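*Asks:* The structure under discussion is supplied below as structure tokens; questions concerning it will follow.
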Amino acid sequence: MKKIAKIMILLTLSLLLVSCNKAKKLEETTYTNDINGVKTKLTFYHYGDKVEKQTATNEWAYSAMGLATKEEAEQALSELVEQYQGVEGITHKMDYQEDKVFESLEVNYKKLDFDKAKNIPGIMLKGDFKNGVSLKKTAEIIEKQGFKKEE
């Protein structure tokens, strides 16, 4: 009887492990674009069509902005930096180099304050977000802007 109980427990554990492996995996989909000297990379972390998090990185030379120095860039971009401050769900950083700037932005849609975020220029939020952010709809919008999906 003890052998049968042990076998049943092992079978149950095996079934649990197999069913856990069938759980949805977090996927990554990346799009890139290079417009007027600004290299942009958007990465979406999603379960199926539902986006959980998005990261964006931008790299551009000061000369592409008509600027010559790191200090000029810091001053010119100060308003951009300020607009992301204090918005829950958004992490924003700027890294000023000698001749170019690197910008990184992370949006955690589970924590995002959608009301505050939709007032930030450059963030496009359309529709009802009760069911989350759709990767398919987002892809349609950014592909119209020239972004290409990385394979």
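Quick note: the coordinates plus some simple rules give every number you see, no bench work behind them. These figures come from a predicted structure and were not determined experimentally. Note: ideal-geometry Cβ built from the backbone for every residue, glycine included; neighbour counts use all protein chains shown.
*Asks:* For residue 87, what is the net charge nearby, where nearby means another residue's Cβ is under 13 Å from its Cβ and Lys, Arg count +1, Asp, Glu -1? Kindly include the intermediate steps, with their values, before the conclusion.
*Replies:* Numbers: positive: 111, 116, 118; negative: 82, 88, 106, 113, 115.
Around residue 87, the charge tally is -2.
*Asks:* Is the shape of the stretch 74-121 rounded, prolate or oblate, going by the alpha carbon gyration tensor and its root eigenvalues a ≥ b ≥ c, with a/c under 1.5 for rounded and a/b larger than b/c for prolate? Don't skip to the answer; put the middle values down first.
*Replies:* On the way: a/c = 3.45, a/b = 1.92, b/c = 1.80.
In terms of gyration-tensor shape, prolate.
*Asks:* Now for a separate question. Work out the length of the dipole vector of the stretch 55-151 about its Cα centre, built from +1 on the beta-carbon of each Lys and Arg and -1 on the beta-carbon of each Asp and Glu, and round it to the nearest 20 debye. Write out the running numbers ahead of the final one.
*Replies:* Details: 14 positive and 19 negative charges, 147 e Å.
Computed charge dipole of the stretch 55-151: roughly 700 debye.
*Asks:* Quickly work out the residue 71-to-residue 151 label distance, labels modelled 7 Å from Cα along the C-beta direction, and quote it in nm with one decimal.
*Replies:* Label-label distance for residue 151 and residue 71, simple model: 4.9 nm.
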